[in-house]
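First the structure, in the form of structure tokens, and then the observations on it.
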Amino acid sequence: MTIFNKIIHRLGLSKWIYKMKSRKERCANNPCLLTVNEALNFLHKVSPDVGHSCVIDRVLPILDCDLEVIVPCYNVEKYVEECVDSILAQKTKYSFFVTIVNDGAKDHTREILQKYEKLSNVKIIDQENKGLSGARNTGIAQSHGRYLLFVDSDDVLLPGAIEELMSLAIDNNADVVDSGHIRFADRTQKGFNARMMANIYDILQHPQTLSLNLSSTTITGYPWGKAFKTELFNKVQFPQGYWFEDTIVWMILEPLCKRKVTSNKLTCRYRMNPNSITHLAMQNTKSLDTLYITLKLLNDREILGIEFDQYQYDLLLQQMRNNFCRIASLDSKTKQAVFVVQQDLIGNKFATWSTNNPKVKPIEDFLRAADYTGFELWCKWH
């Protein structure tokens, strides 16, 4: 959702704008002529599906520390020192080790990291560029802590973060501990869009807190700001080769976690970077990864024996809305092909499912009715 659309939505004008569109206009461009195979073949020509399954079979050693902090790094010379220093400054009774994965950085990231090489609780791994998932997977494969904490290299851990996460993890034998965060804008970026984003977030954003819950049923949909039990990654790893790799959190990791705990404390400052994949993806055909990773992880769920429940089905409908928003700047035929694939998925794999959730019910209705234009408008304004 663009900043303009977000403001329109917050003002409550989106439903009014949607109702102004006539039924005739909304049904004028439905992609009824494409089969799902034709749609997939077309999409693979636009951008191939080169990603990999998240399923793996291994036993990770748990040796000599309570927590392994994994920091993937790629071209973050402006931020990485602040990030690593915020981790090393943590005061806690729990032992922790920091694994920094230099993912083939081409700037001065590696030179900056040299200052940490002699520290006994820091390991730096150099590798050719494998992307964020590949860097995280390298860190996981060489981990030796009871729990894992992923920290993006442009983010900052708040004081007391490790103590808070690990206290709840150990005391509750949790599979995962989630926590709150503060989003902040990157004011070091040049250009009008970057300055505008910084100003907008200063006005609209506020600390994202969670309620203290020692038996939570849900976690937020990103890996950072959470302590995961390491043994979860005996079965899975991050899906390498894809953008939007964080999709694994709600589709795979959350249902694998039986004991979920949320903290009401803030543990992380999350940097809103205008040069991140999140903000640049809509201009790139590789944004089709958002659909491909959804399909891949649905298949991985079957391999792992993970069944859907109502909450997860509703999340899948929301994922389909997210998929479409991420490709919003691509051409009409590509967007229609994505709609056909998602329509087929809901119509076949989830033919017997339905939702009463008002936030996602329209998405389900548009897909089942093959109403492409209605679906497009809904995604645009919500």
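Rule-based calculations on the coordinates, nothing more; no lab input. For clarity, every value in this text was computed on a predicted model and none was experimentally measured. Glycine also receives a Cβ, built like all others from the backbone with ideal geometry; neighbour counts cover every protein chain displayed.
So how do H382, H44 line up by other beta-carbon neighbours within 10 Å, fewest first?
On the way: H382 18, H44 14.
Exposure proxy ranking, most exposed first: H44, H382.
Give the calculated FRET efficiency between Q318 and D85 to the nearest 0.05, with a Förster radius of 41 Å applied to their Cβ-Cβ distance. Mind dumping the intermediate values first?
Numbers: r = 36 Å, r/R0 = 0.89.
It comes to 0.65.
Length gain on complete extension for the stretch N299 to E38, per 0.36 nm per residue less the alpha carbon to alpha carbon distance?
Values: separation 261, 0.36 × 261 = 93.96 nm, distance 2.01 nm.
So the chain would gain 91.9 nm between N299 and E38.
Modelling each spin label as a point 7 Å along the Cα-to-Cβ direction, I'd like the L63/Q142 distance in nm, to one decimal.
Rounded to a tenth, the inter-label distance reads 1.1 nm.
Could you compute the net charge surrounding A328? Neighbours are other residues with a C-beta less than 13 Å from the C-beta of A328; K and R count +1, D and E count -1.
Numbers: positive: R321, R326, K335, K380; negative: D331, E376.
Combined, the nearby Lys, Arg, Asp and Glu give +2.
Report the GluC sites (Glu not before Pro) located in segment 284-382 that are in a DSSP loop and have at most 11 other Cβ atoms inside 10 Å of their Cβ, or state none.
Values: sites: E302, E307, E364, E376; in loops: E307.
Hits after loop and neighbour filter: E307.
Considering only Cα-Cα distances, which of the following residue pairs are longer than 32 Å: K265/K296; K118/K229; K78/K235; K93/K258? Walk me through the numbers on the way to the answer.
Values: K265/K296 34 Å; K118/K229 28 Å; K78/K235 35 Å; K93/K258 26 Å.
The pairs that break the limit, which is 32 Å between Cα atoms, are K265/K296; K78/K235.
Semi-axes of segment 65-275's equivalent ellipsoid from the Cα gyration tensor, sqrt of 5 times each eigenvalue, largest first, rounded to whole Å? Provide the component values of the computation, followed by the final result.
Working: eigenvalues 121, 93, 58 Å².
Computed over segment 65-275, the values are 25, 22, 17 Å.
Which ordering of E231, E117 is given by a fewest-first count of other beta-carbon atoms within 10 Å? Walk me through the numbers before you get to the answer.
Numbers: E231 15, E117 10.
So the ranking, lowest neighbour count to highest, is E117, E231.
Taking 0.36 nm per intervening residue step and subtracting the Cα-Cα distance, what contour gain separates D171 from S95 on full extension? Spell out each step's value before the answer.
Values: separation 76, 0.36 × 76 = 27.36 nm, distance 1.54 nm.
That pair, D171 and S95, stretches by 25.8 nm at full extension.
Taking segment 38-144, which trypsin sites (Lys or Arg not before Pro) meet the DSSP loop condition and have no more than 12 other C-beta atoms within 10 Å?
Working: sites: K45, R58, K78, K91, K93, K106, R110, K115, K118, K123, K130, R136; in loops: R58, K78, K91, K93, K106, K118, K130.
Filter output for segment 38-144: R58, K91, K93, K106, K118.
Which order results if D66, D289, D49 are arranged by neighbouring Cβ count within 10 Å, fewest first?
Numbers: D66 19, D289 27, D49 16.
Neighbour counts put them in this order, fewest first: D49, D66, D289.
Give me the compactness ratio for segment 270-382, meaning the Cα radius of gyration over 2.2 N^0.38 Å.
Working: Rg = 14.3 Å, N = 113, 2.2 N^0.38 = 13.3 Å.
So the Cα radius of gyration is 1.08 times the expected 2.2 N^0.38 Å.
Tally Lys/Arg at +1 and Asp/Glu at -1 over every other residue whose Cβ is under 15 Å from the Cβ of K265; what's the total? Please list the in-between numbers first.
Working: positive: K91, K226, R269; negative: E163, E164, D171, D178.
Net charge in that neighbourhood comes out at -1.
With a Förster radius of 25 Å, plug the Cβ-Cβ distance of W353 and T217 into 1/(1 + (r/R0)^6) and report the FRET value to the nearest 0.05. The partial results should precede the final answer.
Values: r = 19 Å, r/R0 = 0.76.
After rounding to 0.05, the efficiency reads 0.85.
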